[in-house]
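Please read the structure below before turning to the comments.
The values are calculated or read from the model by the stated rules, or taken from the named source; none is laboratory data. Small disclaimer: the values here were computed from a predicted structure and weren't measured. All Cβ positions, glycine included, derive from the backbone under ideal geometry; neighbour counts span all protein chains shown. Calculation scope for accessible area: heavy atoms of the full protein, side chains included, ligands and nucleic acids excluded. Shrake-Rupley method; radii C 1.70, N 1.55, O 1.52, S 1.80 Å.
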Amino acid sequence: MATTAPKIVYERPTSLATRVTHYCPGCTHGLIHRLVAEVLDELGVRENTIGFAPVGCSVLAYSYFKFDMAEAAHGRAPAMACGAKRVSPDKVVLTYQGDGDLASIGTSEII
């Protein structure tokens, strides 16, 4: 009788560090981190990715992702990401921002 290999339902994405989260119970940062990491792994671009995160809870993203990250001033992650993309057009550049940073203080950077 042949045995079949177990079906793997979930694996930790390579782009996601093995680390216990510090976020508050019920916070969705951990879920978002996993989704971002899964997409980067699926596309095969982790080694070619640069991320930017501002102050606030989102700044700690660099502790959870296994690709290059830089910290931006509050609301300025899009400006830094734009500069990085212009200097290194071959890189995948992303920002990881919270609502206050992106839609409040960073509104002028987004526009």
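Which residues, taken from region 1-20, are outside any loop (DSSP other than H, G, I, E, B) and β-branched (Val, Ile, Thr)?
Listed by number, the list is empty, since nothing qualifies.
For Glu47, state whether it is among the charged types (D, E, K, R) and out of contact with any Ser or Thr (no Cβ under 9 Å at 6 or more places or on another chain).
yes
Given the conditions (1) under 15 Å from the mean Cα position of the chain (by Cα); (2) over 21 Å from Glu11 (Cβ atoms); (3) of a type outside the set (Ser, Thr, Tyr), which single one is not true for Glu42?
Among (1) under 15 Å from the mean Cα position of the chain (by Cα); (2) over 21 Å from Glu11 (Cβ atoms); (3) of a type outside the set (Ser, Thr, Tyr), the lone unmet condition for Glu42 is (2).
I need the full set of residues from region 1-20 which are open to solvent by less than 90 Å² (accessible area, probe 1.4 Å) and farther than 18 Å from Ser63 by Cβ, in order please.
Ala5
Looking at region 18-36, can you tell me whether even one residue there is free of Cβ contacts under 8 Å to residues at least 40 places away in the same chain and among the aromatic types (Phe, Trp, Tyr)?
Taking every residue of region 18-36 in turn, at least one turns out to be free of Cβ contacts under 8 Å to residues at least 40 places away in the same chain and among the aromatic types (Phe, Trp, Tyr).
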